[in-house]
1. Which distance in Å, rounded to a whole number, links the C-alpha centroids of the stretch 153-213 and the stretch 66-99?
2. Given N residues in the stretch 284-355, what is its alpha carbon radius of gyration divided by 2.2 N^0.38 Å?
3. What is the pair-distance distribution P(r) of the stretch 100-142, computed from all Cα-Cα distances in 5 Å bins starting at 0, with each bin given as a whole percent?
4. Answer with one residue from P269, G256, S336: the one whose Cα lies farthest towards the positive end of the charge dipole of the stretch 241-355, charges on Cβ with Lys, Arg +1 and Asp, Glu -1.
5. Relative to the longest principal Cα axis of the chain, at what angle does helix 196-207 sit, 0 to 90 degrees, rounded to 10?
6. Averaging the inverse of every distinct alpha carbon separation and then flipping it gives the Kirkwood radius. What is it for the chain, in angstrom units?
7. Would you work out the charge dipole size for the chain about its Cα centre, treating the Cβ of every Lys and Arg as +1 and the Cβ of every Asp and Glu as -1, and quote it to the nearest 20 debye?
8. Expressed as a whole percent, how much of the Cα-Cα distance distribution for the stretch 74-176 exceeds 15 Å?
Amino acid sequence: MLSGQQAQDDAGRYSTAGQRYCIGIVGAGSVGCYLGAYLCQDSALDVKFFGRETMALELAANGLSATSFDHQAYFAQPVAFYSSLNSLIECDVVLLTVKAPALVPMLTQLKRFLRPEVPVVAMQNGIGIGEMLTQDLTNPVLRAIVPFNVIKNRAGQFHRATAGNIVWQQSQHAAVNYLISVFNHLQLPVQLTTDITAAEYGKLLLNLNNALNAISNVPLKQQLLDASSRMLLALAMQEWLAICSKAKIRPVPYTGLPNAMLPWLLRLPTILFRRIAAKMLPMDEQARSSMWDDIQAKKRTEIMFLNGAVVRMGQLYQLPTPVNTLLVEQIKRLESGEAEPLSISEILQQVGRHS
């Protein structure tokens, strides 16, 4: 993987050479709108947003703004927002920002309106996204990983609540590389990588906490200061790290610590954990996981692409995954609305009985 400065230096070499690129952001929810607000700052880009009619009305009434825990702010008003994909035919690059569970129905529409040479940058959490897309699309497919959390503070305002650099699969597409240069110029750093699998596996290690945050029903910072919650996360991470070792893949670290040390860090007394974690992963007090957002909105979550992927790969490599299996079961209960999930302490007790 390239460093943030290397990526910035490399991306800075690219320009539009007088050409105006049309960028389509498909599935423009929190992440799509946040990234789109940055891209709208560049006069060489024609940014088109594709999403729900309710979002179109919201942005028409309130404009679009992107703010950040580090006090950056960008505004875009008005924006071109479409509730159908007809205008996708005009786009030179597509940022695909729908959640992983919505990919399959979206693919049919993409094939109807996308020109075959247009690169698609898939920005979903989870394992196997690129393979899923290349089975159905003839377009060039790239992966990009957004490690930070985006929340909506109010209508039209999307706020980055946690730290982290975007990780982007390296490519030779001029329009894609120009987008990267725009993000870097606006202090939204992008790191380039030639090993997207290692990057995906590293991001999953952090995303294993999404389920715990949804179950705990409290902000991320409060949840991570709970020793029982951290213990469960440490155990879930150990299951995934054992699978990565068996698969001979070294996940990319995102926190500044070696991945193997994260379970150790999580087991520290809360007073020590608080001091170390505050420097590693800054976050706002109100930050929550996207899985919590989906549960509140009564949507299908990404659980089968996250903890569910750990369970599937554990079966493949014949390694036990009791913690991630329990987390999948509890999120499925929340999705169904039929029963309350077990509490964090109750899940930890069940894990203890099975160990």
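1. Cα centroid to Cα centroid, the span is 15 Å.
2. Values: Rg = 13.3 Å, N = 72, 2.2 N^0.38 = 11.2 Å.
For the stretch 284-355, the normalised Cα radius of gyration is 1.19.
3. 5, 23, 38, 26, 7, 1
4. G256
5. So the inclination is approximately 50 degrees.
6. On the way: mean 1/r = 0.0479 Å⁻¹.
Kirkwood radius, the chain: 20.9 Å.
7. Details: 30 positive and 26 negative charges, 107 e Å.
Roughly 520 debye, rounded to the nearest 20.
8. Details: 3578 of 5253 pairs.
In whole percent, the long-distance tail amounts to 68.
The values are calculated or read from the model by the stated rules, or taken from the named source; none is laboratory data. Being a predicted model, the structure only gives us computed values, none of them experimental. Cβ: placed from backbone, ideal geometry, glycine included. Neighbour counts: every protein chain shown. All accessible areas refer to the heavy atoms of the entire protein, side chains included, with ligands and DNA or RNA removed. Shrake-Rupley method; radii C 1.70, N 1.55, O 1.52, S 1.80 Å.
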